[in-house]
Amino acid sequence: MRLDKSFFKSIVVLLMLCPCTTAYAVEKDVCLSPGLVKSMLSRFDITAIDDTGKETKKYTAADKCDKDAFKKTILALEQINTVSIQKINNAPDGKGIDFFTYINEKVRKIILMPESSSLCGFNEGGVVLDPEKTDKIIRLCIINGRMPVSQLATVIVHEARHMDGYKHVKCTHGLYKSFSFPECDVSFEEQGSHAYAMSYLLRLHNTLKDKDDKFRVRTLIAQSIEYSFNNVPFGLKKGGLMLDSKNRVLFFDGVDISVINEFNDKITALVLNLGYPLVLHENGSVQAYTFSDNWSSVAGSLTENYQKLDDDTRGKILDVYIDNGEKCYLLPLELICSGKERFVNFKFDGLSPVVFYNAPDMSKYSLMLVKNKNGRIFVIPGSILFNSNDKNFNSAFEDKKHSLEPEVSSYAECENGDLIGVGGEGAVVVKNKGGEWKEDSRFNGVTVKKIIPYYWSKQLQDFLK
């Protein structure tokens with residue numbers, strides 16, 4: 001009988017994953033050490049099921065040359081064991097958890113589920129079902145071979161913590177706020193599943209030597225920090241991230257202005273991607289900030305796509321949208337998005353776009369939202385519909401629900417409750433509770449292109465050096 005997901009809705013605990021790769025790649029043609037396989041199978045029963053819930057495989061030492069799910073699971077457990085031995089000086093979490101010993105105590109059986117399983121419908125990493133806790137069972141979603149070893153290891157740590165009864169709550173901000181199910185922890189101090197996963201990532205980061213591996217793990221740390229805790233940990237403050245007229249990326253929390261980086265060339269746009277900021281240089285390069293002094297160069301499809309734009313087009317970009325599988329560039333008269341084979345265009349009819357809309361609570365929307373010069377917000381259809389002949393699908397329409405603070409093009413809420421925004425001609429303006437927008441003299445006349453809601457602290461950056 002096929003599992004009914006609605007039956008488990010109240011008892012399934014979820015871990016959302018970002019689609020990035022992490023350290024410890026799998027060499028598919030290299031068999032696992034027989035000793036390693038035997039050691040792990042002496043601690044954990046590992047089985048596979050199909051999408052109906054029927055067991056299809058019970059793994060044994062004879063599967064040492066498996067090339068995907070089982071191999072990754074064994075390597076993930078080995079990584080957890082290796083990382084658990086490491087010690088971190090001045091770690092912001094202040095914990096010395098032996099993750100491997102903890103998992104040995106809490107988990108006896110690991111069930112590998114296919115992506116088509118009814119319990120893997122939201123790109124989840126794994127689940128724990130309440131009726132299976134007494135049998136110490138965790139279930140892992142093997143997402144079509146795309147889950148790297150480090151990510152799978154983090155999922156195992158996360159799910160094991162649910163064995164002690166820690167459950168998620170509804171998110172008050174961030175990427176997961178719009179979800180109908182609970183996905184956040186109240187705080188790091190509560191030491192729930194997200195906290196254990198975070199501590200593991202911090203420890204893992206400390207073991208890595210390769211700069212690219214460290215960058216990829218920091219992207220996961222940034223995502224978890226920004227979105228997974230209702231009370232954001234490690235001294236991070238709420239405020240606005242901004243790109244100013246001097247090609248600097250600044251952060252303002254309502255009191256202090258911090259210069260995160262100053263670039264020597266023209267920056268086209270600042271955009272948030274799954275919890276970490278990207279800057280797009282007018283020369284075609286792209287860099288990412290993951291709580292490190294050294295911004296990492298970004299390769300791959302995003303950069304390749306951006307470099308296909310000519311110099312004149314890149315110079316006219318008002319803002320950039322990277323979400324929901326879209327890569328779109330906002331220009332004064334049109335929107336250009338990457339299609340399967342070429343760019344597709346959306347012509348603005350009667351609109352004067354300024355920026356893409358970023359919600360002050362950092363929540364995510366399924367469609368692009370563009371803020372017009374008059375302060376009104378319009379929904380833009382997905383790029384796949386740009387060439388539709390049906391005006392019901394290829395037209396922008398006003399979204400009155402999000403028409404907040406029309407006097408500014410973008411804004412963020414600060415730690416002290418003030419709002420910081422972009423006013424006329426790019427002036428930085430501030431608004432106290434119950435007050436009106438006024439130009440902020442602390443910025444000494446510096447103008448900014450956009451303000452993005454964000455959480456930041458120097459403490460975490462210093463630790464992740």
Rounded if a/c is under 1.5, else prolate if a/b is larger than b/c, else oblate: which is region 327-382, with a ≥ b ≥ c the root eigenvalues of its Cα gyration tensor? oblate
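How large is the helix-only mean residue ellipticity at 222 nm for the chain, computed as the sum of -39500 (n - 2.57) over DSSP H runs with n ≥ 4, divided by its residue count, in deg cm²/dmol to the nearest 500? Each step should come with its number before you reach the end.
On the way: 11 runs with 106 residues, N = 465.
Calculated mean residue ellipticity at 222 nm is -6500 deg cm²/dmol.
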In order through region 239-251: 3J(HN,Hα) via Karplus (6.51 cos²θ - 1.76 cosθ + 1.60), integer Hz, x for Gly, Pro: x, x, 9, 9, 9, 9, 6, 9, 6, 10, 9, 10, 10
Would you mind checking which residues have amide H under 5 Å from residue 331's amide H? H placed 1.01 Å from N; only 5 or more apart, or other chain. 318, 336
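Taking the Cα centre of the chain as the origin, how large is its charge dipole in debye, to the nearest 20, when only Lys and Arg (+1) and Asp and Glu (-1) carry charge on their Cβ atoms?
Around 760 debye, computed over the chain.
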Stokes-Einstein D in µm²/s, Kirkwood radius over Cα pairs - region 293-440 at 4 °C with 1.567 mPa s viscosity: 77
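Tell me, rounded to the nearest percent, the portion of alpha carbon pairs in the chain spaced more than 32 Å apart. Can you show the working numbers first?
On the way: 46904 of 107880 pairs.
Above the 32 Å cut-off, the chain has 43 percent of its Cα pairs.
What ranking, highest mean first, results for peptides 306-319, 60-73 when packing means the other Cβ atoms within 10 Å averaged over each residue? Kindly include the intermediate steps, with their values, before the conclusion.
Details: 306-319: 15.4, 60-73: 17.4.
Going by the mean number of other Cβ atoms within 10 Å, highest first, we get 60-73, 306-319.
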For residue 458 and residue 245, extending 7 Å from Cα along the Cα-Cβ vector and measuring point to point gives, in nm, a value of 2.7
For region 107-192, what does the convex hull of the Cα positions come to per residue, in cubic angstrom? 112
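Can you tell me how region 78-234 classifies by the Cα gyration tensor, rounded, prolate or oblate, using a/c under 1.5 as the rounded cut?
rounded
Every number in this text was worked out from the coordinates using simple rules, so none of it is lab data. Quick caveat, the model's predicted, so the values are computed rather than measured. In this analysis, Cβ positions are derived from the backbone assuming ideal geometry, glycine residues included, and neighbour counts consider all displayed protein chains.
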